[in-house]
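Visitor: Please read through the structure below; I'll follow up with questions.
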Amino acid sequence: MLIGYVNDRFCSASGYKREELLGRPARFMDDQDSVATLDECWHSVTQGRIWRGEAAFRRKDGTSLWVDSTITPSFSKDGRFVKYIAVHFDISARKRAENLLREQVEFVQVLLDAIPMPVFFKDTQGRYLGVNSAWEQFFGRGRREFLGNKVLDLYPRHPDIAARHLARDQELFAHPGIQTYEIAVPAAFGIRDTIYTKATFT
């Protein structure tokens, strides 16, 4: 399938002149990061299905052009697939922001894991959003067991401990600031007396 038409916006976004695009294979700009996605797209379109998704193309300067695409097939009267129309929305800036955020999150996790004391953080509903390696070791449980759960989900055999944690969380949410309290918790090596220090983030 060869490129038969492009508009000025696509030329500007891709870095190619119109004459450099017309007549070339439609997939010559495929980005290696999106080959599998574009294979799926091509299969869907040639089977007569509209495809919607995100994919990356390679600009003339070698950088990635990420787009949110809707691709609609067109068939002849006798049912032969003859062409398709692709409408792309440039989402490259959003992808760059997502990648930057991902790198920042990974960096923060590395910092947290370097802290020798157990650390966790929650959302305002009391759900665990993250823990560090020391937390996993102290409780003898992987972080996946914590993520998305509330304290009541994690201590079914110790409802009194869970209730105390929950009450202190609710106090902190109602009165943002710093909170410190002592509590016995079920750790990997039995019940242990601990000091919790919590702070709200706004």
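Visitor: Compute the accessible area per residue over the chain, keeping the other protein chains in place, probe 1.4 Å, unit Å².
Guide: Numbers: 13100 Å² over 202 residues.
Accessible surface, normalised per residue, equals 65 Å².
Visitor: Please work out the FRET efficiency for the pair residue 22 and residue 99, using the Cβ-Cβ distance as r and a Förster radius of 30 Å; give the result to the nearest 0.05.
Guide: E between residue 22 and residue 99, to the nearest 0.05, is 0.40.
Visitor: Let me ask something else about it. Counting each DSSP H run of 4 or more residues in the chain as -39500 (n - 2.57), what helix-only mean residue ellipticity at 222 nm follows after dividing by all residues, to the nearest 500 deg cm²/dmol?
Guide: About -11000 deg cm²/dmol.
Visitor: Next question, about the same structure. Considering only protein heavy atoms and a probe of 1.4 Å, how much of the accessible area of the chain is carbon and sulfur, as a whole percent?
Guide: Heavy-atom surface of the chain belonging to carbon and sulfur, 1.4 Å probe: 55 percent.
Visitor: For the chain, what are the DSSP H helices with axial Cα length of 27 Å or more and mean Kyte-Doolittle hydropathy of at least -1.0?
Guide: 92-114
Visitor: While we're on this one: Relative contact order, percent, of the chain when contacts are C-alpha pairs under 8 Å separated by at least 6 residues? Intermediate results must be reported in sequence, preceding the final value.
Guide: On the way: 277 pairs, mean separation 19.7, N = 202.
It rounds to 10 percent for the chain.
Visitor: Which percentage, to the nearest 5, of the DSSP beta bridges contained in the stretch 67-202 is antiparallel?
Guide: 95
Visitor: Near the amide H of residue 66, under 5 Å away, which other amide H atoms are found, from residues 5 or more places off or on another chain, if H is placed in the peptide plane?
Guide: Residues meeting the amide H criterion: 57, 91, 92.
Visitor: Between residue 173 and residue 85, what length in nm is gained on full extension when 0.36 nm per residue of separation is reduced by their alpha carbon distance?
Guide: Numbers: separation 88, 0.36 × 88 = 31.68 nm, distance 5.18 nm.
Stretched fully, the residue 173-residue 85 segment lengthens by 26.5 nm.
Visitor: A further question on this structure: Taking only Cα atoms of the stretch 109-166, what ratio of Rg to Rh do you get with Rh as the Kirkwood inverse-distance radius?
Guide: Over the Cα atoms of the stretch 109-166, Rg/Rh equals 0.97.
Visitor: Quick one: give the max-minus-min coordinate of the C-alpha atoms of the stretch 20-123 along each principal axis, largest first, in Å.
Guide: 70, 31, 19
Visitor: Find me the longest stretch of the chain that has none of the exposed chymotrypsin sites (Phe, Trp or Tyr not before Pro), where exposed means in a DSSP loop (not H, G, I, E or B) with at most 14 other Cβ atoms within 10 Å. Present the calculation step by step, with values, prior to reporting the outcome.
Guide: Details: sites that count: 5, 28, 189, 201.
Longest stretch, sites excluded: 29-188.
Visitor: Another question, then. Over the stretch 72-188, how many percent of alpha carbon pairs lie in each 5 Å bin up to the one with the longest distance?
Guide: 2, 9, 13, 16, 14, 9, 6, 5, 5, 4, 5, 4, 4, 3, 1, 0
Visitor: Could you work out how far apart the two model spin labels at residue 9 and residue 141 are, taking each label as a point 7 Å from the Cα in the direction of the beta carbon, and quote it in nm?
Guide: 5.0
Visitor: I need the phi-derived Karplus couplings for the stretch 57-70: 6.51 cos²θ - 1.76 cosθ + 1.60, θ = phi - 60°, integer Hz, Gly and Pro marked x.
Guide: 10, 9, 5, 4, 7, x, 7, 8, 10, 8, 9, 9, 10, 10
Visitor: Over the stretch 82-170, calculate the relative contact order: mean separation of alpha carbon pairs under 8 Å at least 6 apart, over the residue count, as a percent. Could you put the intermediate results ahead of the total?
Guide: Numbers: 75 pairs, mean separation 15.4, N = 89.
It rounds to 17 percent for the stretch 82-170.
The values are calculated or read from the model by the stated rules, or taken from the named source; none is laboratory data. Note that the structure is predicted; figures quoted are calculated from it, not measured. With ideal geometry, Cβ positions are generated from the backbone for all residues, glycine too; neighbour counts draw on all protein chains shown. Side chains are part of the model used for accessible areas, which takes the heavy atoms of the whole protein and leaves out ligands, DNA and RNA. Shrake-Rupley method; radii C 1.70, N 1.55, O 1.52, S 1.80 Å.
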